[in-house]
Amino acid sequence: MSKIFFVLPAYNEEANIAETIGRWYPVVEKAGADSRLVIANDGSKDKTMEIMESLKDKYPQFIPLSKPNSGHGPTVIYLYKYAIEQGADFIFQTDSDGQTNPDEFPAFLEASRDYDCVMGCRPVRGDGKDRKMVENVLRSYVWLFFHVWVPDANAPFRLMKASVVKKYINLMPSDFNLPNAVLAACFSKFRERVKYIDITFKPRQGGVNSINPKKILKIGWKAISDFWKVSREVCRKTKD
């Protein structure tokens, strides 16, 4: 059975983290004894890490990690590299805010028999029209810089072969804000075996979203520069 690392970033998720662990842990157990649930606390200012530490004995396949705050994207990169270093066969990434549904994972696992990257697609977003607009802008960035069109660039529900992630993870600096979008672009551009599956995407289940409109605008402007730099690396990889 494949060794799957389920990786989740967490920042100020004390309202959600215990329920998130409780809902995802049975999925991890079912995936096999070598699979792990790994949650990285990204320098939270609340009790997220304290709650995670209190649950690690109850859930032996759960690994709580702590790191200085760097943002969602850099924490995702950190987790991907951690999973690769630990010898994961597959990496599944989602978030800790309760917006995704663990019951939808089996369809991704089934599809992974024929595909190397099984990606979520959010036809309806429970977090509002503004977030849908941001996603459409991000998909436009992917088209502009990488010349591929993807159904959903940044969905936090994706099961990927670790060996495929490893091909592209070092194209990005460790502080890159939108690694999932670049991975989606690379998977399509380099013709990896990719399948998109529709998922439900609920409103945040508790707490406050740390990504506000001002921060989205800031990330968006920085993304233009970051995408240009990474796209140059992708072009060099294409020539190689």
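Points to keep in mind about this one:
- Förster radius 45 Å - calculated FRET efficiency between LYS47 and VAL124 (Cβ-Cβ, nearest 0.05): 0.90
- Accessible area per residue (1.4 Å probe, heavy atoms of protein chains only) ranks SER225, SER174 as SER174, SER225, with the largest value leading.
- Accessible area (Å², per residue) of the stretch 20-95, counting only protein heavy atoms and a probe of 1.4 Å: 43 Å²
- The stretch 16-61 gives an Rg/Rh value of 0.97, both radii derived from C-alpha positions and Rh following Kirkwood.
- Virtual spin-label span in nm between ILE84 and TRP143, 7 Å along Cα→Cβ: 3.0 nm
- Mean separation of Cα contacts under 8 Å (6+ apart) over length of the chain, as relative contact order %: 23 percent
- Where trypsin sites (Lys or Arg not before Pro) fall in DSSP loop in the stretch 1-67, at most 16 other Cβ within 10 Å: LYS45, LYS47, LYS56, LYS58
- Residue among PHE190, GLN86, TRP228 farthest towards the positive dipole end of the chain, charges placed on Cβ: TRP228
- Reciprocal of mean inverse Cα separation for the chain (Kirkwood radius, Å): 18.0 Å
- Full-stretch length increase - ARG23, LYS237 - with 0.36 nm per residue and alpha-carbon distance subtracted: 73.1 nm
- Loop sites in the stretch 91-155: trypsin sites (Lys or Arg not before Pro), DSSP, at most 16 other Cβ within 10 Å: ARG113
- GLU50 accessible area, 1.4 Å probe, all protein chains in place, Å² to nearest 10: 120 Å²
- Links that overshoot a 19 Å alpha carbon limit, given the list LYS3/LYS67; LYS3/LYS47; LYS161/LYS189; LYS3/LYS58: LYS3/LYS67; LYS3/LYS47; LYS3/LYS58
- Among the protein heavy atoms, those of TYR11 account for about 60 Å² of accessible surface (1.4 Å probe, every chain in place).
- Nearest-10 value in Å² for the accessible area of TRP149, using the 1.4 Å probe: 140 Å²
- Gyration tensor (Cα) of the stretch 1-117, equivalent ellipsoid semi-axes in angstrom: 22, 15, 13
- Computed on the stretch 1-122, with alpha-carbon pairs under 8 angstrom and 6+ residues apart, the relative contact order is 35 percent.
- Simple point charges give the picture: +1 on the Cβ of Lys and Arg, -1 on the Cβ of Asp and Glu, and for the chain a dipole about the Cα centre of about 920 debye.
- Distance between modelled label sites at LYS132 and LYS56, nm, 7 Å Cα→Cβ extension: 4.2 nm
- Each of ALA107, SER70, PRO179 was scored by the projection of its Cα onto the charge dipole of the chain, and the greatest displacement toward the positive side belongs to PRO179; charges sit on the C-beta of Lys, Arg, Asp and Glu.
The values are calculated or read from the model by the stated rules, or taken from the named source; none is laboratory data. Note that this is a predicted model, so its numbers are computed, not measured. Because the Cβ atoms are built from the backbone with ideal geometry, glycine has one as well, and the counts that use them run over all protein chains shown. Please note that ligands, DNA and RNA were not included when accessible areas were found on the heavy atoms of the full protein model with its side chains. Shrake-Rupley method; radii C 1.70, N 1.55, O 1.52, S 1.80 Å.
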